[in-house]
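Data block below; observations after.
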Amino acid sequence: MDQRKLFLIVAAVGLTPIALSYGVSPAFSLQYLFGISVESTELTHIFRAIMGLYLALIGFWIAGTLFDQLTVPALWSLVVFMFGLAAGRLLSLLLDGFPSWLLFVYLILELAFGVIGLRLLRSSPQAK
């Protein structure tokens with residue numbers, strides 16, 4: 001299988017549980033994972049919207065594995081998504097201090113996935 005498509009699948013599979021943890025039952029999952037209390041409808045709404053964003057991108061990455069013409073655009077969206085998340089986390093590190101170990105692991109993974117995605121794009125003849 002094409003390395004780019006395999007990478008898109010790995011990212012989609014890896015992020016699906018994270019997306020679901022944000023939106024299926026945020027009051028339970030976010031309390032359990034991070035000690036975050038989600039008590040208002042507004043906060044639940046925000047986390048479900050975040051889940052929707054994650055799932056929409058995951059769907060696009062899966063489409064990139066099924067349709068060759070979408071592989072490179074899907075990789076670009078993955079790189080932008082990962083580096084965007086990482087940039088927000090790095091800003092939070094500077095302004096807010098060190099987060100829980102799990103959120104720090106997310107930062108490392110986001111940076112790694114962004115770098116790997118860029119390398120795959122650089123080796124793609126369609127991206128040049």
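Loop-resident trypsin sites (Lys or Arg not before Pro) (DSSP state other than H, G, I, E or B) in region 1-80 with no more than 13 further Cβ atoms inside 10 Å of their Cβ are absent.
Farthest toward the positive end of the dipole of the chain, out of GLN69, PHE28, PRO125, is the Cα of PRO125, where the dipole comes from beta carbon charges about the Cα centre.
Charges were assigned to the Cβ only: +1 to each Lys and Arg, -1 to each Asp and Glu. The resulting dipole of the chain about its Cα centre is roughly 460 debye. Counted residue by residue at 0.36 nm each, then reduced by the alpha carbon distance between them, the extension gain from TRP76 to ILE50 reaches 7.4 nm.
With Rg and the Kirkwood Rh both taken from Cα atoms, where does Rg over Rh land for the chain? When Rh is taken as the Kirkwood radius, the ratio is 1.01. Using the rule -39500 (n - 2.57) for each DSSP H run of four or more residues, divided by the residues of the chain, the 222 nm mean residue ellipticity is -29000 deg cm²/dmol. The spacing between region 83-128 and region 58-72, judged by their C-alpha centroids, is 21 Å.
All of the numbers you see were taken from the coordinates with simple rules; none came from a lab. Keep in mind that what you see is a predicted model, and the values were worked out from it rather than measured. We place every Cβ from the backbone using ideal geometry, glycine too, and count neighbours over all the protein chains shown.
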